[in-house]
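**Q** Dropping a structure here in structure tokens format, bear with me for questions.
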Amino acid sequence: MKAAQLKKTQPRNAHQSQERILEAALKEFAAEGFAGARVDAIARRARINKRMLYHYFGDKKGLFQEVMRRKVAERSAWLASAPDDPVESLPYWFRLSCLDRDWLRLLEWEALQGDEQEVIEEKLRQESVVQAIDRLKQRQARGLLPADLDPGQLLLSIMGITVYPVAFPQIARLITGLAVSDPEFQQKREKFLRQFASVFQPPLSNGPASKRAAAPEDLTTTSE
């Protein structure tokens with residue numbers, strides 16, 4: 001292979017290797033938590049030499065930080081694509097939770113292993129939370145949400161109602177008799193979320209803004 005050709009292929013191969021490592025790392029962290037995850041296992045999942053993993057990401061913490069940064073960026077993109085209609089926004093976040101169960105498992109492990117301690121990449125994740133709360137405040141100021149609702153508690157509640165059944169599928173099955181992965185459960189849940197969201201729409205008036213509730217797309221990417 002000519003030198004020019006080798007130079008062109010190396011960055012692409014490096015990118016592919018890093019992508020495989022990050023995907024494998026998410027799976028391993030989701031399965032074992034940060035404390036229980038092993039670099040050897042991640043390297044095997046990624047089909048890559050462990051030395052290359054260290055070369056790209058430094059150590060296990062560096063790898064976990066990069067997984068977190070990538071997930072925050074991904075969920076920020078989901079936020080930008082969320083529907084404006086509040087009746088569709090809650091089902092939207094529920095559907096994404098169903099598709100992103102590794103992320104939820106990782107957060108559950110983080111809670112079990114760290115309790116209320118500072119989390120890795122806390123500053124980045126807190127910035128995302130602050131942005132989401134600020135957006136809720138703006139909607140309150142425009143009369144799209146009751147002004148007396150605490151925006152932080154509101155954000156936490158939006159997360160809870162869309163994430164809880166996926167994070168605790170055994171509880172959802174005990175209550176409903178259906179598995180969360182069952183299309184029937186998901187259809188019923190989305191129907192309920194639309195009904196639930198419509199309850200919070202303000203009374204009709206002459207102002208066009210009052211015909212729309214605050215969209216739950218203000219859901220942050222980091223804490224769920």
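The values are calculated or read from the model by the stated rules, or taken from the named source; none is laboratory data. Treat the numbers as computed from the prediction; the structure is a model and nothing was measured. In this analysis, Cβ positions are derived from the backbone assuming ideal geometry, glycine residues included, and neighbour counts consider all displayed protein chains. SASA here: full protein model, heavy atoms, side chains in, ligands and nucleic acids out. Shrake-Rupley method; radii C 1.70, N 1.55, O 1.52, S 1.80 Å.
**Q** Go through HIS55, HIS15 and list them by solvent-accessible area, largest first, probe radius 1.4 Å.
**A** HIS55, HIS15
**Q** Along the charge dipole of region 63-147, pointing to its positive end and built from +1/-1 on Cβ of Lys, Arg, Asp and Glu, which listed residue (GLN140, LEU96, SER128) has its Cα farthest out?
**A** Of the candidates, GLN140 comes out farthest on the positive side.
**Q** Which peptide among 90-102, 30-42 comes first, and what is the full order, when sorted by highest mean count of other Cβ atoms within 10 Å?
**A** For the peptides 90-102, 30-42, the packing ranking is 90-102, 30-42.
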